[in-house]
Amino acid sequence: MTQRTLLSRGALLAQYITLKSPLYATISPSLSQRLHRAMSSATSIPPPACLLKPYEVPHRYMFGPGPSDVPPRILAAGGRPIIGHMHKETFEIMEHIRQGIQYAFQTQNKMTIAMSGSGHTAMECAIFNTVEPGESVLMAVNGIWGERAAEIAERIGTHILRAKVNTIVTAPGCCFSNDEIEQALAKHKPVLFFLTHGESSTGVAHPVDGIGIDILYSGSQKVLNAPPGTAPISFSERACNKMFNRKTKPVSYLLDMSWLANYWGCDGKPTRMYHHTGPVSGFFSLRESLAILAETGLENSWKRHKEVAEYFHKGLEDLGLKLFVQDKNIRLPTVTTIVVPPGYDWKEIVAYVMKHHHIEISGGLGPSAGMVLRVGLMGCNSTKASVDMVLGALGDALKSCHKSK
C-alpha cells in the first residue's frame, strides 16, 4: 500500500484499525506522526455550529392531511418524566390505551394495541402477520394506501415464492360496490382483503356496510391529535387464528404479533417479556388524546366533524371551488379534496397559504397528485373558526397567485 492510497485521515484510521500492524509498517514517518496525533486526540470533528444555538419552531396551523395540531394538554402529557418501558406504571398506561382504542374502534377485540411507529407500521404489521409466502391477497386500490398495501405485500417471501398480490382498481374519488368486491374475492380467493376506509389521498370515506373487518388500524397524528409515532391497531379472533397458526415466522421481528401480544399483555401469560423499548413519551401523549376522546364522546366527535365538513364544503363552493369527490355520501369528513382551480399552479397556492397565513394545506398524493388540494380539519382543528381561517387564506391565494389564461 502506498502513501497515495491513504487519501484522508478518516480512511487512514479505518484502514489502520482494520489491518493493524501490516498497514502501519508500510506508511511513511510523516503519516505515522499524523496517525499518532489523530488517534491521541479525543475528537477530530468539531461539534456542528447549528447545534450550539437554540432552534425555535414556528407556530403553524396544521390543516393538512396530518399531522394535526397537538393541543397543549397532550403536549404537556408527552413532557412528563420518563419511566421504564417495563415499569408497572407503563403497563397501566398501556392498558388504558388498549381500552381507549377499543372505545375509539368500537370493538371488544382482546388483541388491541398501539404500534411503536406511524400508521405505516400498523399497515405492515397487519399484512406481515397474516400473509405467508405464496398466499393470495387482494388489495382494493382507490388511492395511495391501496397502492402501498400492495407494495408491502409484494415484499413477503423469497424471490421464488412471494405473496400473490392481486388488485382491483377504481378511479380516484370513487369507491367499489359490494358486488365488485364479491366478484374479485370469488376470483382470487385471497387470505387477506385490504380496503381503505378513510382514503386521505382522495378524500373518500369508503362505505363498509356489508364488509367484515378483522383488522383495523389508524395513525395517532390525525383525529386523535397526538404526535406521530404510535398507531392503534386491533385484530379479531379470526385474524388471531390466522396469525398464530402460520407455518412460517413473520418477515419482521419488530412487528411480530406473537411478541407484541405479550408486551401488551394480550396473550394471557403472567409475565411480559422484553421485546423492544416502547415509546414511553408517545404512550403518555396517546393516552391523553384517547382520554380527550372519551370525555368528548365518540358520537359527539362524529357529529362535529360532519357538521364542520359540510360548513367547509359550502364555503368552498361559495368561493367558486369544486369538490373532488362528487358523491356527497362518500366524502371523507376529516380530509377534504378540492379540485385544483383551472389556470393555477397548486404548488403556488400551497406555498402562498403557508407564507402569508402560516397554514399548512397540501397537494394530492399518489393517484391524486397534481389534481387536488387537500385540507384536513381533524380533532381540535375541526371547528368553524378553522374553516373560516382556511377559506380566508384560499380566497386570498386565488386573488394573489398567478392565473394563466
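The values are calculated or read from the model by the stated rules, or taken from the named source; none is laboratory data. Predicted, not measured: the structure shown is a model, and the values here were computed from it. Because the Cβ atoms are built from the backbone with ideal geometry, glycine has one as well, and the counts that use them run over all protein chains shown. Please note that ligands, DNA and RNA were not included when accessible areas were found on the heavy atoms of the full protein model with its side chains. Shrake-Rupley method; radii C 1.70, N 1.55, O 1.52, S 1.80 Å.
Of all residues in the range 298-334 being of a type in the set (Val, Ile, Thr) and outside any helix (DSSP H, G or I), which is least open to solvent (accessible area, probe 1.4 Å)?
Taking the candidates together, the pick is VAL325.
Looking at the range 369-385, can you tell me whether even one residue there is more than 22 Å from the chain's Cα centre (by Cα), part of a helix (DSSP H, G or I), modelled with pLDDT of 95 or more and surrounded by fewer than 17 Cβ atoms within 10 Å (Cβ to Cβ)?
yes
Quick one: how many residues across the range 335-346 are hydrophobic (A, V, I, L, M, F, W, C) and either part of a loop (DSSP other than H, G, I, E, B) or open to solvent by 20 Å² or more (accessible area, probe 1.4 Å) (or both)?
Looking only at that region, the number is 3.
Of all residues in the range 241-283 being farther than 20 Å from ILE97 by Cα, in contact (Cβ under 8 Å) with a residue 40 or more places away in the chain and outside any loop (DSSP other than H, G, I, E, B), which is most open to solvent (accessible area, probe 1.4 Å)?
Checked the range 241-283; the qualifying residue most open to solvent (accessible area, probe 1.4 Å) is LYS242.
Select from the range 164-204 the residues that are under 30 Å from GLY363 (Cβ atoms), in contact (Cβ under 8 Å) with a residue 24 or more places away in the chain, assigned to a loop (DSSP other than H, G, I, E, B) and not aliphatic (A, V, I, L, M) and list them in ascending order.
Passing the criteria: THR170, PRO172, GLY173, CYS174, CYS175, PHE176, THR196, SER200, SER201, THR202, GLY203.
Give just the number: which of (1) in a helix (DSSP H, G or I); (2) open to solvent by less than 10 Å² (accessible area, probe 1.4 Å); (3) of a type in the set (A, V, I, L, M, F, W, C) does ILE93 not satisfy?
For ILE93, the failing item is (2).
Go through the range 211-222 and count every residue that is modelled with pLDDT of 95 or more, in a loop (DSSP other than H, G, I, E, B) and open to solvent by 50 Å² or more (accessible area, probe 1.4 Å).
Going through the range 211-222 one residue at a time, the tally reaches 2.
Give the residue, chosen from ALA104, ALA114, ALA153, that is open to solvent by less than 10 Å² (accessible area, probe 1.4 Å) and under 30 Å from GLU299 (Cβ atoms).
Unique residue meeting the criteria: ALA114.
Taking the range 284-297 as the search range and keeping residues that are of a type in the set (Gly, Ala, Ser) and in a helix (DSSP H, G or I), which one is farthest from the chain's Cα centre (by Cα)?
Result: ALA294.
What are the residues in the range 41-80 that are over 25 Å from HIS358 (Cα atoms), open to solvent by 100 Å² or more (accessible area, probe 1.4 Å) and at pLDDT 95 or above, if any?
LEU51, LEU52, ARG80
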